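**Q** Sharing a structure with you now.
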Amino acid sequence: MHRIALRRLLGFGIAFAALAAGPGTDGAIQAALRTQVEAWNRGDIPAFVATYAEDCTFVGKQILHGRGALLARYQKTYPSADAMGKLAFSDLEIRLLDKQAAVVTGHWRLERALTAGGPVGGVFSLVFALRNGRWLIVLDHTT
(Lines give C-alpha, C1' and ligand atoms only; values in the text may rest on other atoms or scores of the structure.)
Protein backbone atom coordinates (compact mmCIF):
# COMPACT_ATOMS: atom_id res chain seq x y z
CA MET A 1 0.00 0.00 0.00
CA HIS A 2 1.43 3.37 -1.03
CA ARG A 3 0.84 6.23 1.39
CA ILE A 4 0.86 9.90 0.56
CA ALA A 5 0.36 12.58 3.20
CA LEU A 6 -1.10 15.93 2.21
CA ARG A 7 -0.44 18.63 4.77
CA ARG A 8 -2.67 21.48 5.86
CA LEU A 9 -4.57 23.27 3.14
CA LEU A 10 -4.55 27.02 2.83
CA GLY A 11 -7.71 29.06 3.41
CA PHE A 12 -10.77 27.89 1.52
CA GLY A 13 -8.88 26.84 -1.59
CA ILE A 14 -6.81 23.74 -2.03
CA ALA A 15 -3.05 23.85 -2.37
CA PHE A 16 -1.44 20.50 -3.12
CA ALA A 17 2.24 19.66 -3.08
CA ALA A 18 3.77 17.60 -5.85
CA LEU A 19 3.43 13.98 -4.81
CA ALA A 20 5.24 10.81 -5.77
CA ALA A 21 2.42 8.37 -6.54
CA GLY A 22 1.83 6.66 -9.83
CA PRO A 23 1.73 8.94 -12.85
CA GLY A 24 -1.37 11.10 -12.68
CA THR A 25 -3.19 9.12 -9.99
CA ASP A 26 -2.72 11.52 -7.10
CA GLY A 27 -3.26 14.52 -9.34
CA ALA A 28 -6.55 13.13 -10.63
CA ILE A 29 -7.81 12.46 -7.10
CA GLN A 30 -6.68 15.91 -6.00
CA ALA A 31 -8.52 17.39 -8.99
CA ALA A 32 -11.74 15.65 -7.91
CA LEU A 33 -11.35 17.13 -4.42
CA ARG A 34 -10.61 20.57 -5.88
CA THR A 35 -13.72 20.24 -8.04
CA GLN A 36 -15.75 19.51 -4.93
CA VAL A 37 -14.48 22.56 -3.02
CA GLU A 38 -14.87 24.89 -6.01
CA ALA A 39 -18.38 23.62 -6.83
CA TRP A 40 -19.50 23.85 -3.21
CA ASN A 41 -18.13 27.35 -2.73
CA ARG A 42 -20.01 28.63 -5.79
CA GLY A 43 -23.23 26.96 -4.59
CA ASP A 44 -23.29 24.26 -7.31
CA ILE A 45 -24.44 21.10 -5.54
CA PRO A 46 -24.96 19.08 -8.78
CA ALA A 47 -21.31 19.71 -9.78
CA PHE A 48 -20.19 18.77 -6.26
CA VAL A 49 -22.09 15.49 -6.44
CA ALA A 50 -20.80 14.75 -9.97
CA THR A 51 -17.55 13.60 -8.32
CA TYR A 52 -19.45 10.56 -6.99
CA ALA A 53 -20.07 7.32 -8.86
CA GLU A 54 -23.69 6.63 -9.86
CA ASP A 55 -23.73 3.64 -7.48
CA CYS A 56 -22.03 5.43 -4.57
CA THR A 57 -22.83 4.85 -0.90
CA PHE A 58 -22.92 7.68 1.63
CA VAL A 59 -22.64 6.92 5.35
CA GLY A 60 -23.47 9.75 7.73
CA LYS A 61 -26.50 10.08 9.99
CA GLN A 62 -28.12 7.70 7.53
CA ILE A 63 -26.97 5.40 4.75
CA LEU A 64 -27.81 6.48 1.20
CA HIS A 65 -27.29 4.59 -2.04
CA GLY A 66 -26.84 6.26 -5.39
CA ARG A 67 -25.82 9.67 -6.67
CA GLY A 68 -29.46 10.75 -7.05
CA ALA A 69 -30.23 10.09 -3.38
CA LEU A 70 -27.07 11.93 -2.38
CA LEU A 71 -27.98 14.92 -4.55
CA ALA A 72 -31.45 15.06 -2.98
CA ARG A 73 -29.95 14.90 0.52
CA TYR A 74 -27.53 17.76 -0.12
CA GLN A 75 -30.19 19.91 -1.78
CA LYS A 76 -32.55 19.39 1.17
CA THR A 77 -29.88 19.89 3.85
CA TYR A 78 -28.28 22.91 2.16
CA PRO A 79 -31.13 24.82 0.46
CA SER A 80 -29.22 28.09 0.00
CA ALA A 81 -25.74 29.52 -0.46
CA ASP A 82 -25.91 30.83 3.11
CA ALA A 83 -26.68 27.35 4.45
CA MET A 84 -23.83 25.92 2.37
CA GLY A 85 -21.24 28.40 3.55
CA LYS A 86 -17.65 28.00 2.34
CA LEU A 87 -16.03 24.56 2.35
CA ALA A 88 -12.41 23.77 3.18
CA PHE A 89 -10.61 20.45 3.48
CA SER A 90 -7.50 19.97 5.61
CA ASP A 91 -5.14 17.23 6.76
CA LEU A 92 -5.81 15.24 3.61
CA GLU A 93 -4.12 11.90 3.18
CA ILE A 94 -4.34 9.73 0.08
CA ARG A 95 -3.57 6.02 0.31
CA LEU A 96 -3.39 4.19 -2.97
CA LEU A 97 -4.65 0.66 -2.51
CA ASP A 98 -3.86 -0.40 -6.06
CA LYS A 99 -4.00 1.12 -9.54
CA GLN A 100 -7.79 1.45 -9.41
CA ALA A 101 -8.63 2.18 -5.76
CA ALA A 102 -7.63 4.78 -3.18
CA VAL A 103 -8.73 5.93 0.26
CA VAL A 104 -8.72 9.60 1.23
CA THR A 105 -9.10 10.80 4.81
CA GLY A 106 -9.25 14.32 6.14
CA HIS A 107 -11.15 17.05 7.90
CA TRP A 108 -13.89 19.23 6.43
CA ARG A 109 -15.12 22.60 7.62
CA LEU A 110 -17.93 24.91 6.61
CA GLU A 111 -17.61 28.57 7.50
CA ARG A 112 -21.11 30.00 7.79
CA ALA A 113 -22.79 32.95 9.44
CA LEU A 114 -24.40 32.26 12.80
CA THR A 115 -27.80 32.92 11.22
CA ALA A 116 -27.10 30.05 8.79
CA GLY A 117 -26.10 27.57 11.50
CA GLY A 118 -22.60 28.80 12.26
CA PRO A 119 -19.32 27.07 11.53
CA VAL A 120 -19.38 23.28 11.46
CA GLY A 121 -16.93 20.55 10.60
CA GLY A 122 -15.89 16.96 11.03
CA VAL A 123 -13.89 14.14 9.51
CA PHE A 124 -14.35 11.98 6.45
CA SER A 125 -13.06 8.95 4.66
CA LEU A 126 -13.62 8.49 0.94
CA VAL A 127 -13.03 5.46 -1.21
CA PHE A 128 -12.21 6.41 -4.79
CA ALA A 129 -12.38 3.98 -7.70
CA LEU A 130 -11.09 4.43 -11.22
CA ARG A 131 -14.12 4.14 -13.50
CA ASN A 132 -13.93 4.73 -17.25
CA GLY A 133 -10.79 6.80 -16.80
CA ARG A 134 -12.18 8.97 -13.96
CA TRP A 135 -11.52 8.76 -10.25
CA LEU A 136 -14.96 8.79 -8.61
CA ILE A 137 -16.08 8.48 -4.98
CA VAL A 138 -17.76 5.13 -4.41
CA LEU A 139 -18.00 5.34 -0.61
CA ASP A 140 -18.19 8.46 1.57
CA HIS A 141 -18.21 8.19 5.36
CA THR A 142 -18.58 11.69 6.81
CA THR A 143 -19.18 12.71 10.40
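The values are calculated or read from the model by the stated rules, or taken from the named source; none is laboratory data. As the structure is a computational prediction, the values presented were derived from the model and not from experiment. Backbone-built Cβ (ideal geometry, glycine too); neighbour counts: all protein chains shown. Just the protein is used for accessible areas: all its heavy atoms, side chains included, with ligands, DNA and RNA removed. Shrake-Rupley method; radii C 1.70, N 1.55, O 1.52, S 1.80 Å.
**Q** Relative contact order of the stretch 26-143: what whole-number percent is it, with Cα pairs under 8 angstrom and at least 6 residues apart?
**A** Details: 220 pairs, mean separation 29.3, N = 118.
For the stretch 26-143, the relative contact order is 25 percent.
**Q** In addition: Please compute the modelled spin-label separation between residue 115 and residue 82, points set 7 Å along Cα→Cβ, answer in nm with one decimal.
**A** It is 0.5 nm.
**Q** Does a label point 7 Å from the Cα of residue 90, set along Cα-to-beta-carbon, have any residues of the stretch 121-143 with amide nitrogen under 13 Å, and which are they?
**A** In the stretch 121-143, the label zone of residue 90 (backbone N under 13 Å from the point 7 Å along Cα→Cβ) covers 121-123.
**Q** Express the carbon and sulfur contribution to the solvent-accessible surface of the stretch 66-119 as a percent, rounded to the nearest whole number, probe 1.4 angstrom.
**A** Working: 1550 of 2840 Å².
Solvent-exposed carbon and sulfur of the stretch 66-119 make up 54 percent of the total.
**Q** Which value, in Å², gives the accessible area per residue of the stretch 21-143 when a 1.4 Å probe is used on the protein heavy atoms? Kindly include the intermediate steps, with their values, before the conclusion.
**A** Working: 6000 Å² over 123 residues.
Roughly 49 Å² per residue, with all protein chains present.
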